[in-house]
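Participant: I am attaching a structure below and will ask some questions about it afterwards.
Only the coordinates and a few stated rules stand behind these numbers; no lab work does. In this text the structure is predicted, and so the values were computed from the model without any measurement. Don't worry about glycine lacking a Cβ; one is built from the backbone with ideal geometry, like all the others, and counts go over all protein chains shown.
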Amino acid sequence: MSSLPSQLSSRIEAVTGIDPELRPATKPQFGHFQSNVALRLAKSEGRPPREVAASIVERLDLADLCEPPEIAGPGFLNLRLKSSVLASWVTDQLAAPGAGIEPAETSQVVVIDYSAPNVAKQMHVGHLRGTIIGDCLHRVLAAVGHRVIPQNHVGDWGTQFGMLVEQILEDQIDVSGLDLAAAEELYKRANAHFKADPEFATAARQRVVALQSGDPETRATWRQLIEVSLVGFNAAYARLGVLLTDDDLAGESIYNDDLAPLVAELQASGTAVVDDGALCVFIEGFNSPMIIRKSDGGFGYATTDLAAVRHRVRDLHADRIIYVVGSPQSFHFEQVFAASRKAGFLPDGVSAEHVAYGQILGPDGRRFSTREGSAVPLTSLLDAAEEQAAPPVALAAIKYADLSTGINKDYVFDVDRMVQTTGNTGPYLQYAHARMAQVLRRAEAEGLTGRALVTVLEEPAEQQLALLLSRFGETVAGVAQDLQPHKLCTYLYELAGALSVFYEQCPVLKSEGEVRDSRLALCAATKKVLAAGLDLLGIAAPDRM
Ligand code: ARG
């Protein structure tokens, strides 16, 4: 099912020779789609735009798809689809497995780096966003036919593990008995100890060396810390209903053995040079170099990220790499991408994008923190929402609030608003879906199963609903391209709005014959698109609420 606007576009382009850049009409009286192609051609040809528009219309053959095109204002082309075309489109959509989602022209290998919590720390509000947004992009990209490889770049390596392991061994703690909250307490204790006691600090530093060189006792304790952390992470993933599994784990530690050869490569190619004892990559346009190896010989977060880019391109064959990480790391990723290009790890044909998300703010509009001043753990947000609504609704509330705000923006965590079943919320969309399920149940109980064909679209409310349904595929394709899930949210909200106008103005069960059949099919198609859209957001679509 090639989308209706793309069918129209290619027909117009055959006449104009340039992309008509078809846009949804800004007002209903302008029809369904508008193009300014005549204005653009007029400029280059030096002719009056309305004249150009008239000659385009003369040569254009859209009679099977559209009402006769209209020329408006200075020379815009206004197109209105025939209602029979819309009707058969929606009928096809109702029968199609993908509800109108079209496969991308070329299927890519897309690596998505998301969630990435840190070992021995609870997932906090920031990781909530990364996990929800990453999960949505994963679903959308897979739905349009790309091969998605999720990479959970867990923070499981670095100097902090020296002090953690040292503290555990000193106190003879049984790590397997800890939960994530207790591990975080331990982390705080080890950190304070490290700062207060120079002898402990020295032992902790030696522990880092032991960890890196593979000392069995150190490694075993470190492993146990990872195990207990994973139990906590997986509990959070299960509760959130996201697609991540243990197969997607690709923590910082997996790159440990790559670092030395990577550094050798960078030095051999002259990409990295020693400056003041540290090995650095200088990149044009950046004030400070990227440090590959500190003067004490240690590798940092950035070096690991270079190794990750290299692995994703060389071994995973990524065409596109997407990083769903908070906006404070924007500079880091700009540098990583630039250094990777310079080093040849990231060839021109492979794109790397940082989907930088904003913060979740507390009710006071400031950074969301606990009374003690630390970041709010993810579980307490879920608990707060579940105090107001059943788990699937609470989850819908949280995810939708997160995805419907532009990703780069901060937003206030306002549970009372999020769980409302009116307004632009997740529960409102679930409710619209459940309402359609109920209509279809009633129809079935009355023996009115219909023929699943949309044949009559006479009322403006029916037409508007059908037009929006036909735009589902384009909307999903747009999100796969631009990585902006809020556009799918806006679409679904508009669809639910059009549904509600339709439902108010067009009786379904109380109408008769072909009209009733057609309206039932329209309800079924809307239910299907709402369910498919919610699924892409990672939100359940219950049949009853
Ligand atoms: N663990 C990091 C954090 O919590 C996020 C890692 C993001 N991914 C990456 N490849 N650096 O901030």
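Participant: What is the Cα radius of gyration of the stretch 1-149 over 2.2 N^0.38 Å, N being its residue count?
Facilitator: After normalising by residue count via 2.2 N^0.38 Å, the value is 1.46.
Participant: Using the alpha-carbon atoms, what tilt in degrees (0 to 90, nearest 10) does helix 49-59 show relative to the longest principal axis of the chain?
Facilitator: Helix 49-59 and the main axis of the chain meet at about 70 degrees.
Participant: I've got another one for you. What net charge do the residues around Glu51 carry, taking every other residue with its C-beta under 15 Å from that of Glu51, with Lys and Arg at +1 and Asp and Glu at -1?
Facilitator: Values: positive: Arg40, Lys43, Arg47, Arg50, Arg59; negative: Glu45, Glu58.
Summing Lys and Arg as +1 and Asp and Glu as -1 gives +3.
Participant: So what is the orientation-averaged projected area of the stretch 123-164, using the convex hull of its C-alpha atoms, in nm²? Don't jump to the answer; show the numbers that get you there.
Facilitator: On the way: hull surface 14.9 nm².
Reported value for the Cα convex hull: 3.7 nm².
Participant: For the stretch 166-294, compute Rh as the Kirkwood radius over C-alpha pairs and then the Stokes-Einstein diffusion coefficient at 37 °C and 0.692 mPa s; write the answer in µm²/s, rounded to an integer. Walk me through the intermediate numbers first.
Facilitator: Details: Rh = 17.8 Å.
Stokes-Einstein gives a translational diffusion coefficient of 184 µm²/s.
Participant: Let me ask something additional. In terms of modelled amide H atoms, which long-range or inter-chain residues lie less than 5 Å from the amide H of Ile112?
Facilitator: Amide H to amide H, under 5 Å and 5 or more residues apart or across chains, Ile112 pairs with Ile149, Gln151, Ile322.
Participant: Turning to a different aspect of this structure: If you look at just the Cα atoms of the stretch 245-336, how large are its Rg and its Dmax in Å?
Facilitator: 13.8, 43
Participant: Kirkwood Rh and Cα-based Rg: tell me the resulting Rg over Rh for the stretch 4-81, rounded to two decimals.
Facilitator: Expressed as Rg/Rh, it is 0.92.
Participant: Let me ask something else about it. Over the alpha-carbon set of the stretch 103-142, divide Rg by the Kirkwood Rh and report the Rg/Rh ratio to two decimals. Mind dumping the intermediate values first?
Facilitator: Working: Rg = 13.0 Å, Rh = 11.6 Å.
Looking at the stretch 103-142, the ratio lands at 1.12.
Participant: Which residues' amide hydrogens lie under 5 Å from the amide hydrogen of Asp410, considering only partners 5 or more residues apart or on another chain, with H built in the peptide plane?
Facilitator: Result for Asp410 returns Gln359.
Participant: Would you compute, from DSSP H runs of 4+ residues alone, the mean residue ellipticity of the chain at 222 nm, taking -39500 (n - 2.57) per run and dividing by the full residue count, rounded to the nearest 500?
Facilitator: Working: 20 runs with 289 residues, N = 545.
Computed mean residue ellipticity for the chain: -17000 deg cm²/dmol.
Participant: For the chain, what proportion of DSSP beta bridges, expressed in % and rounded to the nearest 5, is antiparallel? Walk me through the numbers before you get to the answer.
Facilitator: On the way: 19 of 39 bridges.
Of those bridges, close to 50 percent are antiparallel.
Participant: Please report the base-10 log of the normalised intensity I(q)/I(0) for the stretch 426-536, using a Debye sum with one equal scatterer per alpha carbon and no solvent, at each q in 0.11, 0.21, 0.22, 0.24 (1/Å).
Facilitator: Each listed q corresponds, in turn, to -0.34, -1.10, -1.19, -1.36.
Participant: Could you work out the per residue convex hull volume over the alpha carbons of the stretch 376-446, in cubic angstrom? Numbers along the way, then the final one.
Facilitator: Values: hull volume 6.7 nm³, N = 71.
Cα-based convex hull of the stretch 376-446, divided per residue, equals 94 Å³.
Participant: Could you compute the net charge surrounding Lys409? Neighbours are other residues with a C-beta less than 12 Å from the C-beta of Lys409; K and R count +1, D and E count -1. Don't skip to the end; give the middle numbers.
Facilitator: Values: positive: Arg129; negative: Asp402, Asp410.
Result for the neighbourhood of Lys409: -1.
Participant: Cross-link list Lys27/Lys82; Lys27/Lys528; Lys409/Lys487; Lys409/Lys528: which exceed 23 angstrom alpha carbon to alpha carbon? Show your work: numbers first, answer last.
Facilitator: Values: Lys27/Lys82 17 Å; Lys27/Lys528 27 Å; Lys409/Lys487 14 Å; Lys409/Lys528 30 Å.
The answer is Lys27/Lys528; Lys409/Lys528.
Participant: Using only C-alpha atoms and all pairs of different ones, pull out the Kirkwood radius for the stretch 240-296 in Å with one decimal. Don't skip to the end; give the middle numbers.
Facilitator: Working: mean 1/r = 0.0731 Å⁻¹.
It works out to 13.7 Å.
Participant: For Ile101, Ile173, which order do you get if you count the other beta carbons within 10 Å of each Cβ and list the fewest first? Display every interim value, and only then the final one.
Facilitator: Numbers: Ile101 25, Ile173 16.
With the fewest neighbours first, Ile101, Ile173 line up as Ile173, Ile101.
Participant: What is the chain's relative contact order, in percent, from Cα pairs under 8 angstrom and six or more apart in sequence? Walk me through the numbers before you get to the answer.
Facilitator: Details: 871 pairs, mean separation 89.0, N = 545.
Computed value for the chain: 16 percent relative contact order.
Participant: Using each residue's phi in the stretch 316-331, evaluate 6.51 cos²θ - 1.76 cosθ + 1.60 at θ = phi - 60° and report the 3J(HN,Hα) Karplus result to the nearest Hz, with x for Gly and Pro.
Facilitator: In residue order, the calculated couplings are 8, 6, 5, 9, 8, 10, 10, 10, 9, 9, x, 5, x, 9, 4, 4 Hz.
Participant: Pop out the ³J(HN,Hα) list for the stretch 347-355 in order, Karplus 6.51 cos²θ - 1.76 cosθ + 1.60 with θ = phi - 60°, rounded to Hz; leave Gly and Pro as x.
Facilitator: For the stretch 347-355, the Karplus-derived couplings read x, 4, x, 10, 9, 10, 10, 9, 8 Hz, x marking Gly and Pro.
Participant: May I ask for the equivalent-ellipsoid semi-axes of the chain, computed as the square root of five times each C-alpha gyration tensor eigenvalue and listed largest first in whole Å?
Facilitator: For the chain, the ellipsoid semi-axes come out as 51, 31, 18 Å.
Participant: Something else about it: Expressed in nm², what is the orientationally averaged projection area of the convex hull enclosing the Cα positions of the stretch 63-127?
Facilitator: Working: hull surface 41.5 nm².
In nm², the orientation-averaged hull projection of the stretch 63-127 is 10.4.
Participant: Another question, if that's okay. Using the Karplus curve 6.51 cos²θ - 1.76 cosθ + 1.60 with θ = phi - 60°, what ³J(HN,Hα) values do you get for each residue of the stretch 77-92, in whole Hz, with x for Gly and Pro?
Facilitator: In residue order, the calculated couplings are 9, 10, 10, 10, 5, 5, 5, 5, 5, 4, 4, 6, 4, 5, 4, 4 Hz.
Participant: Separate question: If the reach is capped at under 23 angstrom between alpha carbons, list the lysines near Lys294, excluding any in the same chain fewer than eight residues apart.
Facilitator: Lys195, Lys342
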